[in-house]
Amino acid sequence: MDSTSNERARDLFMGFSIFTEPMKTEIIEHARSAMEELLKIGTAGHLLWKPQPKDRYDILNQIEYMRQFGQVDSTLNSPTFATYQTEQPASMETPTVALQTEASRDMAFINMSPISIVELLMDVMSAELHLPSTTVPIREYYFGRYSKKFSHNIWGIVDISLEKFIPSPTSNLLKRPSGCLISGMANGHSKVAWVEHVEADHSHLDNYFKPLVASTLAFGASRWLNSLNRYGEWLQTLRATTFVADEGVLIPQTGRTSFLKLGDRMMKTFCANVSATADNPWMKITSFHGDSDVKVMIKNNVEDTAMPPGTSAVFTTSVWLEVSPNRLFNFLRHENSRTKLFDPKI
């Protein structure tokens, strides 16, 4: 590995300078091994990945993955199922519930250059992943992010869990080598293949959401790519010299910038309101009359200058509707239906 790659690998532990040199070296080797695995599985064919008939993404063949990357028991010759023991840090107790594997791969063309994507994604971090629902638990974990340039205009960015080195009692997810392979295109855009491979605790999931999470649609590769694609579209709209909205209305750049920033603040505010944290979870209101699934969260604003300072209470509940998400979304967004009551039978 060249000196540039070594410097990027060292980014993994700059935020953890209290570690001893042997542990820092081990983290670097951990990241290098993860990058090698990402490159193999990210470019593998359909022996390792199973295409989904109705969707564009692929699901990992667990038996084949264990044959290629792990210790395989002779009983796995049968394609019925595959189970394996999750590696746990020595200082952590063995979990009482088995972690469920979620592994998916997706590909998209992003209107950004490879180096712009790399600069956007690079960091060393702990993270909380949210689904906009109070019935899906928060996912918290530590991971290192490492980038490497393989050749001209081809990059790899890999995430790998650091719980082995930084045990966390609140972490409920282990991340196996995940990330993206980025190839620059002649038009300045990028072809991005994303792999998301995690082991997570499903024991606290609401039964309605278990299929969504198990299918990887909730936290899988497609969701990461969609977020990256939306950001690319946001930048493209911001930088456009001319922009024509609905019904031929021309929006000048200053107005467009204001609209984008307003929309960004509205989305961040909404996501913040529906996203609890490990330190500030949703609290169920047991004495609430009627629907027993009403929850409340108390929020204190002392840093966000776009919002008035003070304390606010956010209430939420969840309902199940026998209707497709697209139909419900179209009803809510269309101006002609805003004053009407939704009837799922129509």
Mind counting the residues in the range 112-142 that are over 15 Å from TRP194 (Cβ atoms) and at pLDDT below 85? 20
Among (1) farther than 16 Å from ILE28 by Cα; (2) touching a Lys or Arg at 6+ places or on another chain (Cβ under 6 Å), which single condition is PRO137 missing? (2)
Can you name every residue in the range 299-321 that is of a type in the set (S, T, N, Q) and in a strand (DSSP E or B)? ASN300, ASN301, THR311, SER312, THR316
Residue in the range 285-310 that is modelled with the lowest pLDDT, counting only those that are surrounded by 12 or more Cβ atoms within 10 Å (Cβ to Cβ) and within 19 Å of PRO137 (Cα to Cα): ASP293
Which one is modelled with the lowest pLDDT, of the residues in the range 236-257 that are open to solvent by less than 60 Å² (accessible area, probe 1.4 Å) and β-branched (Val, Ile, Thr)? ILE251
Sole exception among (1) small (Gly, Ala, Ser); (2) touching a Leu at 6+ places or on another chain (Cβ under 7 Å); (3) modelled with pLDDT of 70 or more for SER147, by number: (2)
Filtering the range 148-199 down to residues that are among the charged types (D, E, K, R) and touching a helix residue (DSSP H, G or I) at 6+ places or on another chain (Cβ under 6 Å) yields LYS148, GLU196
Among the candidates ASP123, ASP201, which residue alone is of a type in the set (Asp, Glu), closer than 30 Å to VAL323 by Cα and open to solvent by 30 Å² or more (accessible area, probe 1.4 Å)? ASP201
Would you point out the residue of the range 322-338, among those that are outside any helix (DSSP H, G or I) and touching a residue at least 12 places away in the same chain (Cβ under 8 Å), that is surrounded by the most Cβ atoms within 10 Å (Cβ to Cβ)? VAL323
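In the range 148-162, which residues are among the charged types (D, E, K, R) and either surrounded by fewer than 17 Cβ atoms within 10 Å (Cβ to Cβ) or closer than 19 Å to TRP224 by Cα (or both)?
Once the filter is applied, which keeps residues that are among the charged types (D, E, K, R) and either surrounded by fewer than 17 Cβ atoms within 10 Å (Cβ to Cβ) or closer than 19 Å to TRP224 by Cα (or both), the range 148-162 yields only ASP159.
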Matching residues, the range 39-49, being open to solvent by 100 Å² or more (accessible area, probe 1.4 Å) and outside any loop (DSSP other than H, G, I, E, B): LYS40
Please go through the range 14-45 and pick out each residue that is modelled with pLDDT under 70, more than 12 Å from GLY144 (Cβ to Cβ) and within 23 Å of the chain's Cα centre (by Cα). none
For the range 183-190, check the following and say yes or no: at least one residue is touching a Leu at 6+ places or on another chain (Cβ under 8 Å) and either open to solvent by less than 30 Å² (accessible area, probe 1.4 Å) or of a type in the set (A, V, I, L, M, F, W, C) (or both). no
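Conditions tested, residue by residue: (1) part of a loop (DSSP other than H, G, I, E, B); (2) open to solvent by 80 Å² or more (accessible area, probe 1.4 Å).
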site	(1), (2)
HIS197	no, no
LEU205	yes, no
SER227	no, no
TRP234	no, no
ASP279	yes, yes
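The values are calculated or read from the model by the stated rules, or taken from the named source; none is laboratory data. These numbers were taken from a predicted model, which means no experiment stands behind them. FYI the Cβ positions are ideal-geometry reconstructions off the backbone, even for glycines, and counts take in every protein chain you see. Ligands, DNA and RNA are excluded from the accessible area calculation, which covers all protein heavy atoms including side chains. Shrake-Rupley method; radii C 1.70, N 1.55, O 1.52, S 1.80 Å.
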